[in-house]
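I'd like to ask you about the structure that follows.
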Ligand code: FBP
């Protein structure tokens, strides 16, 4: 019997559907409730833009003088003072405003809810304009209207696919002029930039440029990045996206810990995204309690060499072997390589050599030829280190460069580098057990049985890289509500004629406090390639933070015995559906096991907004 539908087969259609992005799950998540902070309700209980008042918090900036000189007009207006959102009780509604929004950088779960939040707060009287393709779309004027129907489709869904994104940096005078043209052509009164530290730095410069050139368009940034490294103390505990991504990685790592303990033969080495900061790795470690988790910031601060990192992991492997545990999980942060002191020096030297001799090196036919050309140009220590690396890593270090000629550290397979070095070290230990164990100073006094056991160690490793799996996932209930609140905050700021701010929400455990952080107050001056650059400083793991301290206090125990925990899949309702990331709860000093509370749960009707 043949069933005919739009695919020509009714039976097939009834199973897989004929429409795009319409799985049962996707249909269901669109209707999930979102928490809405009380700041966004008017006196009649309807969603409305917030108004803003000054708080007593003034951002301290070590480079205040230079920042004020670089952003004179914005600083004259906001004076580094943090604003707080309060409900609007005036009943006056603003209409006729046109607000553009774009995504910048890597995707992060919650982006689509930023658009929903903006749309909700702008209401039917104002227009939301989506800029397609990220900052490049802003330069080229790729602008479309975002309708209620669009919001219905994208609400609570993952990804940045609705508008797209890219990593174009807006730097040159021509680019600023192009931005101005797009804004004027589309009569935008507001521009909202959803991005990480670089994109929010860009937002600060665009705000200042508009003030200088008389363009009446308020510019507001929204903090996003799964890496978690755009955070401002207790004013902004994390950007949106971090919660979802870390929950996904924690589920997968939790599964691997179970597999390790079940198959009892593998060491799983898991590299976790996070271009610079190890915040993701730390959160996943707190969730899953692996045998080893490397934290780049600690390695840099304590000047720990690659050899020492390898030795410390080998020590855990041998100790566990002696306890009959010939398996485990090792977490490796993506940015590790640049934090290892001698690797950082090597990369710096390579960047300089490759920039200076780029053409000569490019023309050499084989990798060997290129390496032979490069080695003498390095310091002896770096040349020796380079020669000790596996061929594939050497190749990545010299061939895989980004647009600025720098090593693409995220592409370097650090987890595989560690596996190779550990394998070599273990084979050495097996061959020369007497050198490492037995009688003698500084040696582990192993019994003859233990020495036999060490000689029989087998090291079977599996490598994994978790990153893209989490960036475009359906947001957790937290990220769905948090991103919605950030969208509402940004929309309210634009309507309130505030420019040069980053939207923020804090107090995740008690209803959410809506804030606006003056962007110039976040900017510091760094020397890059001999030139001064204005950048928002990345928020890294602090060794003094409660989250790191808790990890450090437990790690030896987790290394010796199986404390593995499996946090399981993300829940959209149920016992863990409101869980705040452990590292955030610890660092913000929230009560233990506090659920997030970002206001009243509402079922949105996109047709109403
Ligand atoms: P953003 O900071 O732009 O949010 O991106 C973060 C990130 O996910 C990093 O963790 C990772 O190194 C990088 O993006 C990978 O980017 P790409 O998409 O260019 O491969």
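When DSSP assigns beta bridges and you keep just the ones with both residues in segment 1-144, what percent turn out antiparallel, to the nearest 5?
Close to 65 percent.
Where both residues lie in the chain, what percent of DSSP beta bridges are antiparallel, nearest 5? Please list the in-between numbers first.
Numbers: 29 of 63 bridges.
Given both bridge residues lie in the chain, the antiparallel proportion sits at roughly 45 percent.
Sort 247, 421 so that the residue with the fewest other Cβ atoms within 10 Å of its own Cβ comes first and the one with the most comes last.
Result, fewest neighbours first: 421, 247.
Moving to a separate point now. Could you tell me the relative contact order of segment 547-609? Use alpha-carbon pairs under 8 Å, at least six residues apart, and round to a whole percent. List each step's numbers first, then the result.
Numbers: 22 pairs, mean separation 17.4, N = 63.
Rounded, it is 28 percent for segment 547-609.
When only Cα pairs under 8 Å and 6 or more residues apart are kept, what is the percent relative contact order across the chain?
Answer for the chain is 24 percent.
Please arrange 273, 502, 527 by counting, for each residue, the other beta carbons lying within 10 Å of its beta carbon, fewest first.
Details: 273 23, 502 29, 527 8.
Ranked by crowding around the Cβ, least crowded first: 527, 273, 502.
How large is the helix-only mean residue ellipticity at 222 nm for the chain, computed as the sum of -39500 (n - 2.57) over DSSP H runs with n ≥ 4, divided by its residue count, in deg cm²/dmol to the nearest 500?
-12500 deg cm²/dmol
Among 523, 419, 280, what is the fewest-to-most ranking by other Cβ atoms within 10 Å?
Sorted ascending by nearby Cβ count, the order is 419, 523, 280.
While we're looking at this one, here's another question. Determine the shape class of segment 342-407: with a ≥ b ≥ c the square roots of the Cα gyration tensor eigenvalues, call it rounded for a/c under 1.5, and otherwise prolate if a/b is greater than b/c, oblate otherwise.
Details: a/c = 1.36, a/b = 1.16, b/c = 1.17.
It is rounded, given that a/c, with a ≥ b ≥ c, falls under 1.5.
Using only the Cα atoms of segment 67-131, build the gyration tensor, take square roots of its eigenvalues as a ≥ b ≥ c, and label the shape rounded, prolate or oblate: rounded if a/c is under 1.5, else prolate if a/b is larger than b/c, else oblate.
Oblate shape, in that a/c is at least 1.5 and b/c is the bigger or equal ratio.
In whole Å, how far is the Cα centre of segment 577-593 from that of segment 101-172?
The two parts, judged by their Cα centres, are 30 Å apart.
Which distance in Å, rounded to a whole number, links the C-alpha centroids of segment 195-254 and segment 350-404?
Spelled out, the Cα-based centre of one part sits 35 Å from the other.
On to the next question. Under 8 Å for C-alpha pairs, at least 6 residues apart: give me the relative contact order for segment 485-530, rounded to a whole percent.
Taking the mean separation of contacting Cα pairs over the length of segment 485-530, I get 31 percent.
The numbers here are math on the coordinates, done by the rules we state, and not lab data. Only a predicted model underlies this, so the values are computations on that prediction, with no experimental measurement involved. All Cβ positions, even for glycine, are placed from backbone atoms using ideal geometry, and neighbour counts span all protein chains on display.
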